[in-house]
1. Return the pairs, sorted by first residue and then second, in which the second residue is among the small types (Gly, Ala, Ser) and outside any helix (DSSP H, G or I), the first residue lies in segment 1-19 and is open to solvent by less than 80 Å² (accessible area, probe 1.4 Å), the beta carbons are less than 9 Å apart, and the residues are 6+ apart or on different chains.
2. Determine whether segment 6-22 contains at least one residue that is part of a helix (DSSP H, G or I), of a type outside the set (D, E, K, R) and in contact with a Cys (Cβ under 9 Å, 6 or more places away or on another chain).
3. Say we look at segment 43-81 and pick out the residues that are at pLDDT 95 or above, open to solvent by less than 60 Å² (accessible area, probe 1.4 Å) and not in a loop (DSSP other than H, G, I, E, B); which of these is nearest to LYS7 (Cα to Cα)?
4. Being within 13 Å of LYS69 (Cα to Cα) and of a type in the set (A, V, I, L, M) is the filter here, so list the residues in segment 26-51 that pass it.
5. Does segment 23-42 hold any residues that are open to solvent by 90 Å² or more (accessible area, probe 1.4 Å) and outside any helix (DSSP H, G or I), and which are they?
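The values are calculated or read from the model by the stated rules, or taken from the named source; none is laboratory data. Here the structure is a predicted model, which means the values were calculated and not measured. Note that each Cβ is placed from the backbone with ideal geometry, even for glycine, and that neighbours are counted across all protein chains shown. The accessibility values were calculated without ligands, DNA or RNA, using every heavy atom of the protein model including side chains. Shrake-Rupley method; radii C 1.70, N 1.55, O 1.52, S 1.80 Å.
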Amino acid sequence: MRNVKKKILDMNIALLDFNCRAANVLVNQEIRTVRDLMKYSSRDLLSAPNCGKTTLKHINKVLAKYGLKVKDVCPHCGRGD
């Protein structure tokens, strides 16, 4: 199981089924692998140019296929999950 998770985290985002807008946001943020993406919170991504709530939803939908999601940030305390 650990090897499977490592393989997923090391996957290039170009191999995932991101739409054009989401892929461009990730590339412009220099996010190359799923591991890179997992370092970002929803707040981080929403502050990126051209990344709105719909794009964030799409990113999480693609990640959900692998049992992953972008870290949520509490609007009150600023901490992630």
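1. From segment 1-19, the pairs are ILE8/GLY67.
2. So far as segment 6-22 goes, yes, one or more of its residues are part of a helix (DSSP H, G or I), of a type outside the set (D, E, K, R) and in contact with a Cys (Cβ under 9 Å, 6 or more places away or on another chain).
3. Filtering segment 43-81 for residues that are at pLDDT 95 or above, open to solvent by less than 60 Å² (accessible area, probe 1.4 Å) and not in a loop (DSSP other than H, G, I, E, B), the one nearest to LYS7 (Cα to Cα) comes out as LEU63.
4. Answer for segment 26-51, where residues must be within 13 Å of LYS69 (Cα to Cα) and of a type in the set (A, V, I, L, M): VAL34, LEU37, MET38, LEU45.
5. If the condition is that a residue be open to solvent by 90 Å² or more (accessible area, probe 1.4 Å) and outside any helix (DSSP H, G or I), then GLU30, ARG32, LYS39 are the ones that fit.
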